[in-house]
Amino acid sequence: MIHSLFLINASGDIFLEKHWKSVVSRSVCDYFFEAQERATEPENVPPVIPTPHHYLINVLRHRIYFVAVIQSEVPPLFVIEFLHRVVDTFQDYFGVCTEAAIKDNVVVVYELLEEMLDNGFPLATESNILKELIKPPTILRTMVNTITGSTNVGEQLPTGQLSVVPWRRTGVKYTNNEAYFDVVEEIDVIIDKSGSTITAEIQGVIDACVKLTGMPDLTLSFMNPRLLDDVSFHPCVRFKRWEAERILSFIPPDGNFRLLSYHVSSQNLVAIPVYVKHNITFREGSSQGRFDLTLGPKQTMGKAVESVLVSSQLPRGVLNANLNPSQGTYTFDPVTKLLSWDVGKINPQKLPSLKGTMNLQAGASKPDENPTINIQFKIQQMAISGIPIHTPHTHTSCSLLPHCISRNVPIS
């Protein structure tokens, strides 16, 4: 399926390549570079690029392009999902997925790629299974490997690799049994100048951290599961029971994993918990623009809006910004034109605002459109989509009572 993988940095340099079936020349990436030149922004490069003899499927994560080379037709989303899984694995192993981290751990990177794909087909992609196959790098382990000439590859096959539950290793034991479920929802919303919502959609995921002894069998139910569209499950979920009862039943992997992702359309959306009043204007023939932004809580059921971070990609013609925040601090990068405002916690009695002017380049024309505004915030124990999780049920042979907690983190 996947013949080769190329890692390309923001400068257009190929700093790592891996081949499984046959060696593919680096010249195949010329088609990718041509598409990159035609794209107005780095993230606008087409995810699938056809060539005379190959297909190039790519994702952009952490300013690195992961480009897979395919010689036959395969479902593109299948390859894209695998590439995202590769990035998540690197981040889990090294803490960050950057060019420097990959170069510093290049041996482990090649070992991971060798185990994750077998002859071009995905084999082991679960983090807990990979960590039994290949030990995560540490300073002590690196020193021992350098002196003895050994590697991070384990001597034994993972205990769960040949079982009917390949995503979970056997013989797991914990003193404290606990499971955490984080509901993270991203809201794409269009708001007019008065703060009224025009349209909105939700993309959500449920991330889990399960540390339970033995082979637990969990069930999760939702308040209103009919709101969920385009649901994508982890392989551990029993799909037939979901179709029949709308209940998640599964034997979870050990540790951190993504249980499911979902979409909530605008027809089913509840009220947005934060409102935004904005006035971003540029005058024709003027070298200045006006920036006025105010945030406030809206129907949060008395819960505090915390960790608020506002970011906006300003037009390229903006040289600098002279703004006055009533709360928190702001930064403006004159190279990337990214404006970031760290608000913190919203006080309903004194709404945070950011006001000031923007200076444009001399002779620059008025921008064709206003910039978008991205807001990140957290509201504990509140699901924007209206699908809170009921108390998880555990069926396990463990004599200790597991501690299960669900948390909700909305992001706009």
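Computed extension gain for V164 through K277, at 0.36 nm per residue and net of the alpha carbon distance, reaches 35.3 nm. Of all complete DSSP H helices in the chain, those with a Cα span along the helix axis of 18 Å or greater and a mean Kyte-Doolittle hydropathy of -1.0 or more are 76-94. Applying the Karplus relation 6.51 cos²θ - 1.76 cosθ + 1.60 with θ = phi - 60° to the range 333-339 yields 3J(HN,Hα) values of 8, x, 8, 8, 6, 9, 9 Hz, where x marks Gly and Pro. Close amide H pairs (under 5 Å, H built 1.01 Å from N) link V305 with I346, residues at least 5 positions away or on another chain. Evaluating 6.51 cos²θ - 1.76 cosθ + 1.60 at θ = phi - 60° for every residue in the range 367-384, the Karplus couplings come out as x, 5, 9, 6, x, 7, 10, 10, 10, 10, 7, 10, 10, 5, 6, 8, 9, 5 Hz, glycine and proline recorded as x.
Within a straight-line Cα-Cα reach of under 26 Å, K103 can be paired with the following lysines, leaving aside sequence neighbours fewer than 8 residues apart in one chain: K18, K21, K131, K135.
Would you mind classifying the chain by shape? Square roots of the alpha carbon gyration tensor eigenvalues, ordered a ≥ b ≥ c; an a/c under 1.5 is rounded, otherwise it is prolate if a/b is larger than b/c and oblate if not. Oblate.
Shape call for the range 1-124 from the C-alpha gyration tensor, a ≥ b ≥ c root eigenvalues: rounded (a/c under 1.5), prolate (a/b greater than b/c) or oblate? Judged from the Cα gyration tensor, the range 1-124 comes out oblate (a/c at least 1.5, b/c at or above a/b). Which aspartates and glutamates have a Cα lying under 14 Å from the Cα of K337, excluding residues fewer than 8 positions away in the same chain? By straight Cα distance, K337 reaches E41.
Mind giving me the FRET efficiency for Q299 and E243? R0 is 41 Å, r the Cβ-Cβ distance, nearest 0.05 is fine. Between Q299 and E243 the formula returns 0.80.
Toward the positive end of the charge dipole of the chain, with +1 on the Cβ of Lys and Arg and -1 on the Cβ of Asp and Glu, the farthest Cα among A244, Q349, G328 is that of Q349.
Per-residue extension of 0.36 nm, minus the Cα-Cα distance of S340 and T51, leaves a gain of 100.1 nm for this segment. Charged neighbours of A200, selected by a Cβ distance under 12 Å, balance to -4 (K, R count +1; D, E count -1).
Among K103, K173, the order of accessible area from largest down is K173, K103, computed with a 1.4 Å probe on protein heavy atoms.
Sites counted here are GluC sites (Glu not before Pro) in a DSSP loop (not H, G, I, E or B) having no more than 15 other Cβ atoms within 10 Å; the longest part of the chain that contains none of them is 156-283. Close amide H partners of Q327, meaning residues 5 or more places away or on another chain with modelled amide H under 5 Å apart, are S353.
The values are calculated or read from the model by the stated rules, or taken from the named source; none is laboratory data. Computed from a predicted structure; not experimentally measured. Positions of Cβ are generated from backbone atoms using ideal geometry, with glycine treated the same way; all protein chains shown enter the neighbour counts. Surface accessibility is based on the protein's heavy atoms, side chains included, excluding ligands, DNA and RNA. Shrake-Rupley method; radii C 1.70, N 1.55, O 1.52, S 1.80 Å.
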